[in-house]
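Student: Sharing a structure below in structure tokens format, with a few things to ask.
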Amino acid sequence: MAVPAHEVIMNKNKNELLQRVLSSLFFGPLFLITCIHQGLAFNILLSSLFILSAHEWHTLSFKRIFEKKISIYLGGIVYIGFSFWGLYSISIKNALTFPFWLFCITVWIFDSFAYFLGKFIQGPKLCPSISPGKTWSGFLSGTIVASASFLLINHCLFKQPVYNYFLVSLIIPISAQCGDLLESKIKRILDVKDSGNLLPGHGGILDRFDGMLFAGLSLYILKILSG
């Protein structure tokens, strides 16, 4: 007897969620440890992610748009380069007035809570023409939890006053969401679901680090503008 279509979809979603959780539990701590200790291991990891991301973008877009929309292809290369440079620049010791690993954790908290609470609460779509699955409830709840977590950790561990970091605590999740939407828009232009398949449950490197790259670039630009 044939399995109903909705059951097939539900099973597929469950499998993707399980893969997403398991890969996060494996790769997340690995990345976080290198962020905390930095040094050679972190530089190698960040360089590897940059190379893999550039390769993903080239593989994904070259044949599809190079001849017709070369500006998008070149723009993607420039964006990836500047984003990783921004991420590296804010990771250097004392580049920020808070640890780089706290920035990473804040992005991950936003991603996780926006994803799960958005699915649980649902409601109006955030930007249906670009990413139909994302909701205002997910964006707002993820931003609130991520901002509160950043401020709480920064205050409890480093005795930093909340009011000094309130704006930064909002910029990180909001810019992470912008990065996610930017990649979703590009994938719609290219008519693909994922940027790659390297990370089970997530897709490619650009799928997993889209928010972090944009948030890192945003903080880097903010740091330059603030002197």
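Student: Considering only residues of the range 163-206 that are at pLDDT 90 or above and charged (D, E, K, R), which is farthest from residue 102 (Cα to Cα)?
Tutor: 185
Student: Just to check your reading of the model, which residue among 225, 182, 151, 167 is over 22 Å from residue 28 (Cβ atoms), surrounded by 14 or more Cβ atoms within 10 Å (Cβ to Cβ), of a type in the set (A, V, I, L, M, F, W, C) and without any contact (Cβ under 8 Å) to a residue 60 or more places away in the chain?
Tutor: 182
Student: Pairs under 7 Å by beta carbon, first residue touching a residue at least 40 places away in the same chain (Cβ under 8 Å) and over 19 Å from residue 175 (Cβ atoms) in the range 72-97, partner assigned to a helix (DSSP H, G or I) and among the acidic types (Asp, Glu), six or more apart or different chains?
Tutor: none
Student: Can we say residue 34 is modelled with pLDDT of 80 or more, surrounded by 14 or more Cβ atoms within 10 Å (Cβ to Cβ) and of a type in the set (Ser, Thr, Tyr)?
Tutor: yes
Student: Mind listing just one residue for me: the one in the range 118-154 that is part of a helix (DSSP H, G or I) and of a type in the set (Val, Ile, Thr) and, of those, farthest from residue 108 (Cα to Cα)?
Tutor: 121
Here's the yes/no breakdown for (1) within 23 Å of residue 62 (Cα to Cα); (2) outside any loop (DSSP other than H, G, I, E, B); (3) of a type in the set (D, E, K, R):
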{"position": "156", "(1), (2), (3)": "no, yes, no"}
{"position": "160", "(1), (2), (3)": "no, no, no"}
{"position": "168", "(1), (2), (3)": "no, yes, no"}
{"position": "174", "(1), (2), (3)": "no, yes, no"}
{"position": "210", "(1), (2), (3)": "yes, yes, yes"}
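Student: I'd like the full set of residues that are among the charged types (D, E, K, R) and surrounded by fewer than 17 Cβ atoms within 10 Å (Cβ to Cβ), limited to the range 93-124.
Tutor: Those that are among the charged types (D, E, K, R) and surrounded by fewer than 17 Cβ atoms within 10 Å (Cβ to Cβ): 93, 119.
The values are calculated or read from the model by the stated rules, or taken from the named source; none is laboratory data. Given the structure is predicted, the values throughout are model-derived calculations rather than measurements. A quick note on method: Cβ atoms are made from the backbone with ideal geometry, for glycine too, and the neighbour counts reach across all protein chains shown.
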